[in-house]
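Each reported figure results from applying straightforward, stated rules to the coordinates on display, with no laboratory input. Computed from a prediction, not measured in an experiment: that's the story for all the values here. Neighbour counts are summed over all protein chains in view; Cβ atoms, including those assigned to glycine, are modelled from backbone coordinates with ideal geometry.
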Amino acid sequence: MLPGETSTPLPVAAEAYTPPDAPPCRCQKARRRSSRLIFKERSLSNSRAIQDGPLGFFEILPAEMIYNILYELSIVDLSILTIVSKAVRGLVECFMDSKRGEDRLLLRVSLHQPACQEHHASLMQHFRRLGVLHKRVTCLYTTRDRLRIMEQFIRKLDLLSCLSCSNHCLALTCYGRFLHTVIAGWDEMECLRVYAIINSHVQRRLTQVLQSTHGCHGDDELYLRLFYRRVLLDQCEHQLERAFWLSRMLKPLPMVHQARMLYLLFGPVCFQEDGAVWLEMGDAESNTPASTVVLAELGSAIKTLHNYCREWTEDDIIGVIEEVTALPETWTPENVARLLTLCGENICVKLLGSKAINGRLEELAEVIVHLAKVCVKEHYSTQWVIQVTRRVCRYMDIPADRRSFLMAIPQTFKEFLMDMHDDAGEDTDPTDLYYILSSFPLSPILTIPPPPPGEDTDPTDLY
């Protein structure tokens, strides 16, 4: 370029204008997609949507096929499925209500017949798993709805259909295992509702038995004993839980009926003759191992009420023992002493202390003598009796009363020995004389130091 010349820009080629409605140029290739690719993408999209849904791939299956799949799962697997999501829990619940679910969960065996130990263990495991399944399925419902669903399932199981129940019947035990698994962890108010529903099944029988003469309704007495023990008491894992149910049974009743109920639950029973043995404790001493076990169960129940139930005062415990030991007539002194021994030192001292306060010194001395005899017979140490006697003396404020009581003990021993000598015959057991003579050395009672206040000892600890 020479000096003085100006540069002129070259003309730019204008872009070709294409109207919007003009047809595409033949030289441009249209983008084509395979129909198979489109179908595959749509299938993947639908699959992801179904997989991310609340039921997953169960969403596209018919109900009959879903039930067939759930039928093949174990009860444990069904329980795990219920905690996956709310929708899956509802699906499992619908399966349980279906005919297919009933065939899977309900046992087609008779629970009212005796079974071997292995079969019994498998039944308990099955009903425990059923309880876990129901607990998880109904976890979002109210207590009222949960109890309604549970009652409907119990009716299907046919556990309460028998009018009378034998000792070998497993139906009530299975019911108790299922019930305690479902209500594990429930608060006290919810358990009160549970007891109200359970008690409604036997309320009419209970009222009839408590208001009639002893032994008139032997079948009902046996059924009530098995029902309350196997459904509520025997399934308890802790004493606090056992005390709760036992208190619910007894507290609403008057004291006479409380004592009768305790004897009905834990007293001697004859399954062959269908009913409680009401006269055994008043006719003869409980020397048999079976009677000792019976008194041990009764003493354990009274100790449970005393130690774990705040609503049971000392007067309540003393009153119910007084009533029990008079059913249907006064027990023999040895049976009373054996029961007090099994109740523990605190309960024994409180009962004997009430007798001391009321001035019943002769009766008190008689109980002390038989306490010593029971300790010798059961190979306990008589030092326990000495500790009990010294603690009872603290209830007597007047020294003359204490002196009269302590002097009455050897006098009672003497009278007891004379009565045994006068009544001696061919049927007299010579070991009774040995036991009473061996328990006589209670003279050093005043030289034994008193135990620490409030310490509860057991005669079995003093060997």
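Per-residue packing, averaged as other Cβ atoms within 10 Å, sorts the ranges 90-101, 366-377, 310-321 into the order 366-377, 90-101, 310-321, beginning with the highest. Below 11 angstrom from the Cβ of residue 301, what's the summed charge of the other residues (Lys, Arg +1; Asp, Glu -1)? In short, +2.
Let a ≥ b ≥ c be the square roots of the eigenvalues of the Cα gyration tensor of the range 361-401; is it rounded (a/c under 1.5), or, if not, prolate (a/b larger than b/c) or oblate?
oblate
Rank-order 387-395, 326-334 by packing density, defined as the average count of other C-beta atoms within 10 Å over each peptide's residues, highest first. Please report the intermediate quantities before stating the final value.
On the way: 387-395: 19.9, 326-334: 16.7.
Result, highest mean Cβ count within 10 Å first: 387-395, 326-334.
Stokes-Einstein, applied to the Kirkwood radius of the range 222-331 over Cα pairs at a viscosity of 0.692 mPa s and 37 °C, places its translational diffusion at 230 µm² s⁻¹. Charging the Cβ of each Asp and Glu at -1 and of each Lys and Arg at +1, and nothing else, the dipole of the range 250-394 about its Cα centre rounds to 680 debye.
Distance between the 7 Å Cα→Cβ label points at residue 143 and residue 256: 3.4 nm. In terms of the mean number of neighbouring beta-carbon atoms within 10 Å, the peptides 77-85, 345-353 order highest first as 345-353, 77-85.
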